[in-house]
Amino acid sequence: MQRSSAQDLIQKINRKEAVIGIIGLGYVGLPLVLRFCDRGFRVVGLDVDARKIEVLREGKSYIKAIPSRRIAQFVRGVQLDVTDDFARLRKVDCILICVPTPLTDKLEPDLQYIERTTESIRKHLRKGQLIVLESTTYPGTTEELILPRLESTGMKAGKDFFLAYSPEREDPGNKRFTTGLIPKVVSGLTPSCRETVRTLYSQVIEKVIPVSSPRAAELTKLLENIYRSVNIALVNELKMLADRMGIDIWEVIEAASTKPFGFSPFYPGPGMGGHCIPIDPFYLSWKAKEFDFTTKFIELAGEINVSVPYYVVSKVLDALNDRKKSVKGARVLVLGVAYKRDVDDARESPALAIMKLLQRKGATILYHDPFIPRLPQFRKYHFKLKSSPLTERLLRSLDATVVVTDHSQIDYPWVVKHVPLIIDTRNVTKGMTRWKKKIVKA
Ligand SMILES: NC(=O)c1ccc[n+]([C@@H]2O[C@H](COP(=O)([O-])OP(=O)(O)OC[C@H]3O[C@@H](n4cnc5c(N)ncnc54)[C@H](O)[C@@H]3O)[C@@H](O)[C@H]2O)c1
């Protein structure tokens with residue numbers, strides 16, 4: 001019975017007759033939708049955001065890195081259907097969950113999106129379906145939160161339906177490693193769950209790596225993000241020390257990177273941003289408490305990374321002071337508010353903290369970001385600001401510019417030429433010795 005049900009689904013997947021339901025059509029879900037469509041699957045995309053559904057139905061995209069023609073190509077045929085009607089789940093064979101996993105104000109996992117999605121699935125669950133959680137979360141979520149809710153239907157995982165976890169590794173804006181080329185770690189609750197999920201992703205991803213349990217896969221994703229968080233904190237701390245010592249940390253990293261083994265470069269910045277690195281590690285530190293365990297590296301890295309925007313602001317203050325100016329009343333342009341280069345996403349961006357801190361000290365804040373024409377509302381920050389056009393006149397009218405995001409389309413030598421003072425957190429002014437006096441690395 002167990003084998004036949006799994007084998008039926010596996011055969012359906014191999015014949016590309018399985019219909020894929022993807023829940024949460026954001027930065028993770030939408031590229032996945034397109035990947036399955038590219039490989040010939042029929043896909044139902046589900047989201048609770050009616051606006052997103054409307055835009056997609058018009059054949060348009062709301063993510064900069066995804067051109068509208070990619071959506072139109074599939075949504076105008078029969079291959080892709082987008083909806084907020086969760087009853088459609090009954091008709092799909094594989095359900096992939098790509099909903100947000102943020103933190104609450106108290107830095108605890110906010111699992112409401114996974115809980116609501118699980119409830120939608122529970123209502124429409126039918127025999128023979130595969131359910132895969134892709135959202136980043138603490139070890140145990142699939143087994144402790146999703147499994148009991150789905151089994152409350154009377155159906156059994158591994159026999160009546162298949163439950164799996166496979167962490168998303170999407171890197172928005174990365175042209176080299178697109179969805180199909182990023183190896184995918186998969187895990188299932190039982191061997192038949194694992195085999196089904198392995199078969200599914202093998203259709204669309206070049207390399208699939210099975211691991212023994214959902215917990216191992218959940219921790220794999222967290223290890224990847226904690227590794228980044230800790231290493232970024234390390235270089236950020238060394239940057240502050242190097243500054244006091246009068247050493248350029250960027251030069252040091254470049255030199256250390258020539259070592260052909262045992263060293264992977266990480267770069268300092270204005271603080272940590274994005275929806276993953278500043279958030280995910282705390283999913284583990286929260287869970288660790290259940291095991292009487294304190295994750296000291298995670299806490300320390302978080303502490304250092306959160307302090308960097310304060311350091312950047314102190315460098316702005318010092319630089320203005322050196323020019324006999326006060327921050328109060330100064331016109332300061334923040335150049336780049338996205339959390340990283342060439343993306344249209346400002347979630348958790350350190351630019352927001354820097355802008356708030358400068359505003360509190362009385363500065364007039366403007367920003368320019370070619371990817372973010374208007375700042376949306378965030379969990380902690382509400383700015384009513386639009387991106388100012390980057391003109392010579394604007395640059396000359398400023399007291400200072402702070403480079404927070406190093407978007408590649410900005411002409412930095414041109415910016416440096418026209419501003420009186422530039423605080424550079426990304427080393428975009430590397431080699432611009434001609435304007436040395438107005439450049440401050442932070
Ligand atoms: N963005 C990345 O680069 C990235 C990379 C790896 C992992 N992740 C993880 O993937 C998950 C999703 O991240 P994202 O960046 O795509 O988020 P996102 O906010 O861009 O997209 C999530 C989507 O889910 C929708 N949604 C929320 N609740 C829903 C519900 N109950 N039912 C259906 N849809 C719902 C939202 O409307 C939104 O469209 C998170 O766990 C994140 O940590 C993100």
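The values are calculated or read from the model by the stated rules, or taken from the named source; none is laboratory data. Owing to the predicted nature of the structure, the values given are computational and were not obtained by experimental measurement. Counting neighbours? That spans all protein chains shown, and the Cβs are built from the backbone with ideal geometry, glycine included.
Things worth noting here:
- Scanning the stretch 381-426 for residues that are small (Gly, Ala, Ser) and farther than 23 Å from Asp248 by Cβ returns Ser387, Ser388, Ser397.
- Annotation: of all residues in the stretch 265-307 being free of Cβ contacts under 8 Å to residues at least 12 places away in the same chain and in contact with a Ser or Thr (Cβ under 8 Å, 6 or more places away or on another chain), the one that is surrounded by the fewest Cβ atoms within 10 Å (Cβ to Cβ) is Thr294.
- Among the residues making up the stretch 233-277, those that are among the β-branched types (Val, Ile, Thr) and more than 16 Å from the ligand (Cβ to nearest atom) are Val235, Ile247, Ile249, Val252, Ile253, Thr258.
- Contact map, the stretch 322-342: first residue among the basic types (Lys, Arg), second residue not in a loop (DSSP other than H, G, I, E, B), Cβ cut-off under 9 Å, separation 6 or more or different chains; pairs are Arg323/Ala400; Lys325/Ala319; Lys325/Ala400; Arg331/Thr364; Arg331/Ile365; Arg331/Leu366; Arg331/Ala400.
- Qualifying residue in the stretch 52-67 (condition: within 21 Å of Ile131 (Cβ to Cβ) and surrounded by fewer than 13 Cβ atoms within 10 Å (Cβ to Cβ)): no
- Answer from Gly158, Gly154 - the residue that is at pLDDT 95 or above and under 16 Å from Cys94 (Cα atoms): Gly158
- Counting only helices (runs of 4 or more DSSP H) wholly contained in the stretch 163-264, the ones carrying 2 or more residues that are loosely packed, with under 15 Cβ neighbours inside 10 Å occupy 214-245, 249-256.
- Residues located in the stretch 118-147, provided they are farther than 24 Å from Glu224 by Cα, aliphatic (A, V, I, L, M), in contact with a helix residue (DSSP H, G or I) (Cβ under 8 Å, 6 or more places away or on another chain) and not in a strand (DSSP E or B): Ile121, Leu125
- All positions within the stretch 156-168 that are under 15 Å from Cys98 (Cβ atoms) and more than 6 Å from the ligand (Cβ to nearest atom): Ala164, Tyr165, Ser166, Pro167
- Only listed residue being polar (S, T, N, Q), at pLDDT 95 or above and either closer than 30 Å to Tyr138 by Cβ or within 16 Å of the ligand (Cβ to nearest atom) (or both), chosen from Ser326, Ser285: Ser285
- Among the residues making up the stretch 316-338, those that are buried (at least 24 other Cβ atoms within 10 Å of the Cβ) and assigned to a loop (DSSP other than H, G, I, E, B) are Gly336, Val337, Ala338.
- Listed by position, the helices (runs of 4 or more DSSP H) contained in the stretch 1-117 that have at least 1 residues being within 13 Å of the ligand (Cβ to nearest atom) and modelled with pLDDT of 95 or more are 29-38, 50-57.
- Among the candidates Arg42, Arg15, the residue that is crowded, with 17+ Cβ neighbours inside 10 Å and of a type outside the set (Gly, Ala, Ser) is uniquely Arg42.
- Residue within the stretch 296-315 that is assigned to a loop (DSSP other than H, G, I, E, B) and under 17 Å from the mean Cα position of the chain (by Cα) present: no
- Given (1) within 12 Å of the ligand (Cβ to nearest atom); (2) touching a Phe, Trp or Tyr at 6+ places or on another chain (Cβ under 7 Å), number of the condition Gln129 does not satisfy: (1)
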